[in-house]
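The structure's right below; bear with me while I get my questions together.
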Amino acid sequence: MPDRTVHVFNFKVEMAEQLNALAKQYEKETGVRISIDTCGGGCDYSAALKTRFNSGDKPDLFFVAGYTDLDLWQEYLEDLSDQPWVSDLVDLTKPGIMADGKVYGMPLVVEGWGFIYNKELFRKAGIVHLPTTLAELREAAMKLRAASIQPFENGYAEWWIIGNHLLNLAFAAQPNPFDFVEEVKSGHAKLTDNSILKQWTNLVDLTVEYGQPNSLQTDYNTQMANFAAGRAAMMQQGIWTQLQLDKMNPNLDIGFLPMPINNDASAMDKLQVGVPNYWVIYKNSGVIEESKAFLNWIATSAEGRQFFVDAKLIPPFRSMPIRQGELGSLADDVMKYLKAGKTLPWMWQRYPGYEANTSQMAVQIQAYIGKQMNKERMLQEFQRIWDEFSS
């Protein structure tokens, strides 16, 4: 009898426990085994996935980030346009995984990020009005420091925190962000003379000035531990930290603030919201139907819904309404901004070279933070990297 096991290569270590439990539940109900291999902490998922394909160890189900990453993997992917969950998707989740009118993946979750802030520490510092502009953020940081509270805990040792998320603002805040990326790729616009990029450096400077002394030496786990312990009032992170923060400090009272780069309140009062990755199926897999059935079960069953609740993740399906407080305060804030239409797009998935690009730009930002180069040189290096990936 042929092996009907579905092999999954998972990129998201923070949901590994909940995904493993989901797989066991599915096997109990259907008899189909879902074998999950998680790319652990510090693992470069994109590189590991390429290695697997090159070595012939191709997973049946894996994750693709959409846009540029979809371009890279499309030839290997099963067309999922006819799946029942497609018509149930939240609108913003669709464009990243569509090509030639076809849908190639199921969005994992909806995520958002910004500055997570400690409400108790803000109250201690007497901050009543939450900052939405750069000037207000500076004023809040000054009040916190005056109250002997560290304003920011920066995880700037991590390339993805800087290159994917922090830098995203400089592209997402452009008047026409998607057009801007295409113009830079085609050589019709330059990163070196862009006013929004120059404004973005002011936010970087502010977080370093009011952050801990060793921002470049602080990794994700240290950042999380220090913030959970109440050693800082703000950290740049996303909704995916809710579960870990709850375990570290169940009494932490937290919410999201936007990450402003200028003083235009209406333009700056937004969170960055998007889809981190999409479930995709290898088109030459021997268990295509089993893989499709598993995804459909996630999208439609009570157990599938419970997975999102347990992992504190916002489902990408309209038919899975989430009650206030069910996923935690961070999800509540993301959904509030989403409903108000106050969101900025995730842009790095559209860059030429995807994370090979962002990891190189992160090195330049780290050099800038470490005062090894000035703002102008950093932007010149960004331009060089884009030129190389666009050629």
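Which of the lysines could be linked to residue 124 by a straight reach, that is with a Cα gap under 19 Å, when you skip same-chain ones fewer than 8 residues away?
Those lysines meeting the cut-off are 143.
Nearest 5 is fine: what % of DSSP beta bridges in the chain come out antiparallel, could you say?
Antiparallel bridges: around 70 percent, rounded to the nearest 5.
Another question about this same structure. Counting only heavy atoms of the protein chains, get the accessible area per residue of the chain (1.4 Å probe) and round it to a whole Å² value. Present the calculation step by step, with values, prior to reporting the outcome.
Values: 16090 Å² over 391 residues.
The answer is 41 Å² per residue.
Subtract the Cα-Cα distance of residue 130 and residue 148 from 0.36 nm times their separation in residues, and report this length gain in nm to one decimal. If you can, show how the numbers build up before the last one.
Values: separation 18, 0.36 × 18 = 6.48 nm, distance 1.89 nm.
That works out to 4.6 nm of additional length.
Net charge around residue 319, counting only other residues with Cβ within less than 10 Å of its Cβ (Lys, Arg = +1; Asp, Glu = -1)? Walk me through the numbers on the way to the answer.
Numbers: positive: 305, 318; negative: 88.
Around residue 319, the charge tally is +1.
Still on this structure, I have one more. Using a 1.4 angstrom probe on heavy atoms only, work out the carbon and sulfur share of the accessible area of the chain in %. Walk me through the numbers before you get to the answer.
Working: 7670 of 16090 Å².
Result for the chain: 48 percent of the exposed heavy-atom area is carbon or sulfur.
Calculate, for residue 33 and residue 303, the FRET efficiency according to 1/(1 + (r/R0)^6) with r their C-beta to C-beta distance and R0 22 Å; round to the nearest 0.05. List each step's numbers first, then the result.
Numbers: r = 16 Å, r/R0 = 0.73.
Working from the Cβ atoms, E equals 0.85.
With a ≥ b ≥ c taken as the square roots of the eigenvalues of the C-alpha gyration tensor of region 252-371, please select rounded if a/c is under 1.5 and otherwise prolate if a/b is larger than b/c or oblate if it is not?
On the way: a/c = 2.46, a/b = 1.29, b/c = 1.92.
Because a/c hits 1.5 or more and a/b fails to exceed b/c, region 252-371 counts as oblate.
Taking a virtual spin label 7 Å from the Cα of residue 160 along the C-beta vector, which residues in region 235-268 bring their backbone nitrogen under 20 Å of it?
235-248
What do you reckon, how do 28, 102 stack up by accessible area (1.4 Å probe), largest on top?
Details: 28 165, 102 85 Å².
Largest accessible area first, the list is 28, 102.
Give me the angle, in degrees from 0 to 90, between the Cα long axis of helix 45-55 and the longest principal axis of the Cα atoms of the chain, rounded to the nearest 10.
30 degrees
Quick one: of 102/342; 28/292; 198/339; 247/312; 312/339; 12/312, which pairs are farther than 22 Å apart, Cα to Cα? Don't skip to the answer; put the middle values down first.
Numbers: 102/342 28 Å; 28/292 17 Å; 198/339 30 Å; 247/312 12 Å; 312/339 19 Å; 12/312 13 Å.
Among 102/342; 28/292; 198/339; 247/312; 312/339; 12/312, the Cα-Cα distance tops 22 Å for 102/342; 198/339.
With a 1.4 Å probe and all protein chains in place, put 368, 156 in order of accessible area, largest first. Working shown, then result.
Working: 368 30, 156 5 Å².
Reading off the accessible areas and sorting them downward yields 368, 156.
I'd like the accessible area for residue 30: 1.4 Å probe, protein heavy atoms, all chains in place, Å² to the nearest 10.
70 Å²
Using the alpha carbons of the chain, what is the convex hull volume per residue in cubic angstrom, as a whole number?
Working: hull volume 53.8 nm³, N = 391.
With only Cα atoms used, the chain gives 138 Å³ per residue.
How much length, in nm to one decimal, is gained on full extension between residue 123 and residue 283, taken as 0.36 nm per residue of separation minus their Cα-Cα distance?
Working: separation 160, 0.36 × 160 = 57.60 nm, distance 5.39 nm.
Difference between extended and current length: 52.2 nm.
The values are calculated or read from the model by the stated rules, or taken from the named source; none is laboratory data. Since this is a predicted model, take the numbers as computed values, not measurements. Because the Cβ atoms are built from the backbone with ideal geometry, glycine has one as well, and the counts that use them run over all protein chains shown. Calculation scope for accessible area: heavy atoms of the full protein, side chains included, ligands and nucleic acids excluded. Shrake-Rupley method; radii C 1.70, N 1.55, O 1.52, S 1.80 Å.
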